[in-house]
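First up is the structure itself, then whatever we jot down about it.
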Amino acid sequence: MKTPTVPRGTPKALWPAVALTTVTIAAFAFAPVLSLGQLDLGVTLLTYLTIAQAWNVLAGFSGQISLGAAAFMASGGYTTALILIHTGLPWPLALLGSGIGAGLLALLLAVPLLRLRGDYFAVGTLAVSVALQALLSNWNWAGGASGLTLPTERIPSGGNLYQIAVLVAALAMGLALYVRHSAFGLRLAAVRDHEAAAAGLGVSVYRHRLAALVPTSALTGLAGAVIAFQFVVISPDGVASVNWSLNAVLMAVVGGAGTVLGPVVGVGVVYYGLTRALQDQQTLSLVIEGALLIAIVRFAPQGAWPLICRAGRAPIARRRKPTPGADTVPDAIPRTPEHV
Amino acid sequence: MIRTTHRRAYALAGAALLAAAAGCAGNASSSSGSSSDDGPIVIGTSISLSGNTVLNQIRDGYLLAVEQANAKGGLEVGGKKRKVELKVLDNRSDTNTMIQQVRSLVLTDKAVGLLGSCCQQNIDMQGQADALKVPLVMGALPIELLPKGKGYTWDSFQSLADGAKDFFEVAAGAKTNKKTLIVTNNDAQGISTGKLWAGTGEKAGFAIAATKSVPTGTTDFSDVIKAGTSSGAQVLIASMTPPDCFAMWKQMKALAYKPKLAIGLQCAQTPGWGSLGKLGNGTLVQLNWSDTAGLPDTDLIVKKYGKKYTNLTDLGSVALGLHEATILMDAISAAGSTDAAALNKALAKSTTVSAQGPVKFVDNKSVSPTFIGQWEDGAIKQVWPAKGGSPLASLSGLG
Amino acid sequence: MSLDVLAAGILAGGLYALIGLGISLVFGVLGLMNLAHGELVIGGAYLASLLVVDSGWDPLLALPLTMAGVALIAYPLQRYLLTPLLRGDKSAPLVATFGLSLLAQALFQGGFGTHPKSLPAPYATSGISVLGLRIQTIYLIAFGLTVLLCAVTHLVLTRTRAGSAVRAASADPATAAVLGINVPKVYAMTFAGAAALAAAGGVLTGVAQSFTPSSGMPLLLTGMAVMALAGIGSVGGVFLAGVALGVLQSVSVQLFGGGMRDVVVYLAFFLVLAIRPQGLFRKAAG
């Protein structure tokens, strides 16, 4: 296993950063030429990308597998709705409030959550999200089981909403890029791969796990606000549904967890290949979706993106001398092999 | 080496994204006009066909209505006959999927009208109809439960008040001590149902001994049953999902709580109630349709689906779907246009007479008839209105 | 506080424990979070319905056969699908079991339809009086059977050669493999055993309540709650945790009303997890 060198001056991050900025500006500028249907679809896809990427940073790069995205979606959606309904504040402040609210919730929950390791963390986050959903259903001030309706005249829609979704998704992509290419990310990977060794080298495990949990939760909260703007009506069944958490995991894993572009591919594959393509198939859709998920993790356990990378690199590899370790994923932080 | 692959990878992905975006943009100009002139008129529904709730019967009713309309050459819009295309999407009982599908039906497929399916999802769908300003015709949501929206949702279904009135008339004819126990799920529908039935019961001279609400998925009802036995309530009203009622009926029998009259709102409507065997005998159920009531299109429904669905509640769901879709298509014909505002105006003046009787919307709501049925050996018999129905049997399953 | 209700809570806890035991075993030994556990439970109920509904067997007679049947289906799934995945990324087996759960739901829908089903038995709707308390017979049977199955599981794990192989593989699979233990086989046996326990829970659930193709998810959450309360590695802990969960539900329903039941249960679940990550009924890891 080769030792990764600490990046300095990060020339490696330059090109991806340029690419991200270009794509963001292009996507942003596309808004006027897109139809209403495409804008709406764009918002959906970008929101999924945001939560899948946030999950990816938390789980793929920092090793904290979460099943709690729904909790932060819900906190973001409800914060925005309650601010808009009960105060005269404009939507940008409500959006900001959602991010801050979800971040604070994460900070608060970190006290108990960060005591948990591995799969226990997953169970803990799942418990948080189910408890929050039950609480919202019983909380009459927040609309109880029927939920809340946002004031339509004071929220962004169409092209504006799409552009907000582009910016939020770009933030998520930017965070992933930063983590992928920074010394901070390298320390996170060390905590992920070998906690005791990382601690021995003077890396504060608690602070690094916290530093991954809080911003990813804030991003998920922003995604919740975007969904509230899009759906206009939010209810515990919808915005707090555990399906958000499952989708975040599915998309990131199918695309390739621990890689920057994996979630992008995963959103495409899961949303188009499964959700949309199968929506008039009934029982058969369950069969195909189940079988596909199993096939992907069985035969492409690192996800679709690394597979595509390898396919794209094959011509070069043939021209050059085969390098040892050439099958490591180019885009991922190297992972120490597990036992067995 | 790593650096070059990186650059290649990112360039590749960037190019792919741009190409996808460009492809989408190219699509835009070609698809936007599809529903406006000569093509079929698109109506859409997001309905649960898998997961917790499966509503194949309502979907079959929609399809029957569309088939009928297209057999006559379609609907006349702007002086031309145009066929109707119904888009049915399965939302797997998931609220988020439903919302996303409704939005894509309207924004991408240019559906001019929507059909609502059932229950709580109807309430969430109303928010979308109002936000997208597209008419939505729904049933299976008792009219009292339709929230006050912005006027794009039209609900033609039975009224909780009628159901309660009929039930208490049936109950007054049976020999009970008039003490009543009400148990509902604690969602919006359950809680409103509980309040309304309690009010009607008190007016009809019944005493509400206790009202309990339980979360969906409850399996231990000992607390509710305790309230029944300690108050001696002989009339039981349950408004819950089927699995909850199954568990409660078994537990009631085991714990020897013996009401004399019990109605299972929502839950006893499932044909699966028959799998309770004798235990389910005598349980009352509220019906939206009966084959002996002389409603329009009864023969059509029985002829087409009488073999596939043998149960009154299933055929009632087919009737419901047929009824909803007919209301929407009649309004398109009446408006002579697919414009949302014109369609909404036509719906307000709807005079459709379909599988659930005549329609007349007041405040977006139109009442359809209510029947009370009773389970007996795996089948439901109509017991109210007494005319055309069978006599009320005892609640032998729990006795 | 009504004693009838408390008694019903304790007895219902027996069934929770049985559902939690399988998921806890798989998680403890294999480190696998099995999202298809609910479907193993429901699969047991459906398999039993073939014998009970269609051939008129008594559910308790069908129970051992059902347990064996579900275990036979589960063994190759672990051996040839899930075990190879355990070597890679932690989230891969999670996704695979989610895929299995979808497949199983489709199978139930296709094979048995979507209407609720239930397993008829005379003891499903009979009750007995003990010390003036009225108790539902099926829950008493379920409680007894859970005690029995917990005891058997405990004895197998602590007193048999197979059990010590399981414990070795659980503690350190690499070392166990060096010592000549066939770790993949041990994993598959454990998974099959857990599936058999799940199937038993399914038959009892089918008799006491009802089941549909999508009933698995709430059962999975119940199982996870039990596991979290119990902590890993103690069969007795799982049993106590199931009972504690049943009591907690009963008490919260009486104190706060039925609507708040889930809030109380999941908050308690979370708090226990946070304050004692090793579980309520287990000493801190030494």
>> On a straight-distance basis, which aspartates and glutamates could pair with B:LYS349 in a cross-link, Cα separation under 12 angstrom, same-chain partners fewer than 8 positions away excluded?
In response: B:ASP330, B:ASP363
> How large is the convex hull of the Cα atoms of the range C:1-136 per residue, expressed in Å³ as a whole number?
Replying inline: 147
>> Relative contact order for chain A: what percent, with Cα pairs under 8 Å and sequence separation of 6 or more?
In response: 28
> Quick one: which of C:150-161, B:103-114 comes out on top by average Cβ neighbours within 10 Å, and what's the full order, highest first?
Replying inline: B:103-114, C:150-161
> So what does the Cα-only Debye profile of chain A read at q = 0.07 Å⁻¹, as log10 I(q)/I(0), no solvent term?
Replying inline: -0.29
> Shielding of C:4-10 by partners, i.e. mean partner chain Cβ atoms within 10 Å per residue?
Replying inline: 4
>> As an exercise, find the ratio Rg/Rh for the range B:47-86 from alpha-carbon atoms, using the Kirkwood inverse-distance average for Rh.
In response: 1.18
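Report, in listed order, any pair from B:LYS260/C:LYS117; B:LYS226/B:LYS260; B:LYS175/B:LYS381; B:LYS178/B:LYS258; B:LYS150/B:LYS212 with a Cα-Cα distance greater than 23 Å. Walk me through the intermediate numbers first.
Working: B:LYS260/C:LYS117 25 Å; B:LYS226/B:LYS260 16 Å; B:LYS175/B:LYS381 20 Å; B:LYS178/B:LYS258 14 Å; B:LYS150/B:LYS212 33 Å.
Going by Cα-Cα distance, B:LYS260/C:LYS117; B:LYS150/B:LYS212 fall outside the 23 Å limit.
Just order A:262-269, B:257-264 by mean Cβ neighbour count inside 10 Å, highest at the front, would you?
Numbers: A:262-269: 26.6, B:257-264: 21.9.
Sorting A:262-269, B:257-264 by mean packing, highest first, produces A:262-269, B:257-264.
Across peptide A:27-33, what mean number of C-beta atoms from other chains lies inside 10 Å of a residue's C-beta?
On the way: counts 3, 0, 0, 5, 0, 0, 6.
Shielding by partners across A:27-33 averages 2.
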>> Under a crude label model (7 Å from the Cα following the beta-carbon direction), how far is C:ASP172 from B:GLU202 in nanometres?
In response: 7.1
>> What's the whole-number percent of alpha carbon pairs in the range A:81-129 lying beyond 14 angstrom?
In response: 60
>> Can you give me the Kirkwood hydrodynamic radius for the protein assembly as shown, using every pair of distinct Cα atoms, in Å to one decimal?
In response: 29.9
> Can you give the relative contact order of chain B as a percent, counting alpha carbon pairs under 8 Å and 6+ residues apart?
Replying inline: 17
> With each pseudo-label sitting 7 Å past Cα toward Cβ, what's the C:LEU72-B:ALA256 distance in nm, one decimal?
Replying inline: 4.3
> the range B:210-230 to the range A:163-236: how many Å between their Cα centroids?
Replying inline: 44
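Suppose only helical runs count, i.e. DSSP H with n ≥ 4. What mean residue ellipticity at 222 nm does that imply for chain B under -39500 (n - 2.57) per run, divided by all residues and rounded to the nearest 500 deg cm²/dmol?
Values: 11 runs with 167 residues, N = 399.
It lands at -13500 deg cm²/dmol.
Charges at C-beta only: +1 for Lys and Arg, -1 for Asp and Glu. How large is the resulting dipole of the protein assembly as shown about its Cα centre, in Debye rounded to 20?
On the way: 72 positive and 49 negative charges, 519 e Å.
Roughly 2500 debye, rounded to the nearest 20.
Given 4 °C and 1.567 mPa s, compute D for the range C:3-275 with the Stokes-Einstein relation, Rh being the Kirkwood radius over Cα pairs; round to the nearest whole µm²/s. Show your work: numbers first, answer last.
Details: Rh = 18.9 Å.
It comes out at roughly 68 µm²/s.
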> If you take the beta carbon distance between C:ASP58 and C:VAL147 as r and set R0 to 22 Å, what does 1/(1 + (r/R0)^6) give as a FRET efficiency, to the nearest 0.05?
Replying inline: 0.60
>> For a Förster distance of 30 Å, can you work out the FRET efficiency between the beta-carbons of C:ASN182 and A:VAL205, rounded to the nearest 0.05?
In response: 0.25
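Can you tell me the equivalent ellipsoid semi-axes for the range C:1-79? Use √(5λ) from the Cα gyration tensor, largest first, whole Å.
Details: eigenvalues 127, 96, 14 Å².
Semi-axes (√(5λ), whole Å): 25, 22, 9.
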> Compactness ratio of chain B: Cα Rg over 2.2 N^0.38 Å, N = residue count?
Replying inline: 1.12
> Roughly what angle does helix A:69-86 make with the longest principal axis of chain A, taking Cα atoms, 0 to 90 degrees, to the nearest 10?
Replying inline: 30
> Near B:LYS80, which lysines are there with a Cα under 16 Å away, not counting those fewer than 8 places off in the same chain?
Replying inline: B:LYS72
> By the gyration tensor of its Cα atoms, with a ≥ b ≥ c the square roots of the eigenvalues, what is the shape of the range C:170-286: rounded for a/c under 1.5, prolate for a/b over b/c, or oblate?
Replying inline: oblate
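For every helix of n ≥ 4 consecutive DSSP H residues, a contribution of -39,500 (n - 2.57) applies; sum these over chain C, divide by its total residues, and give [θ] at 222 nm rounded to the nearest 500 deg cm²/dmol. Walk me through the intermediate numbers first.
Values: 12 runs with 209 residues, N = 286.
Using -39500 (n - 2.57) per qualifying helix, the result is -24500 deg cm²/dmol.
When you count, for each residue, the other Cβ atoms within 10 Å and take the mean per peptide, how do B:376-384, A:60-68 rank with the highest first?
Working: B:376-384: 18.2, A:60-68: 26.4.
Ranking, from highest mean packing down: A:60-68, B:376-384.
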> Per residue of A:236-244, what is the mean number of Cβ atoms on other protein chains within 10 angstrom of that residue's Cβ?
Replying inline: 4
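Taken together, the values in this text are just the output of simple stated rules run on the coordinates, not laboratory data. Just so it is clear, the model here is predicted, and its values are computed rather than measured. As a convention, Cβ positions derive from the backbone with ideal geometry for all residues, glycine included, and neighbour counts pool all protein chains shown.
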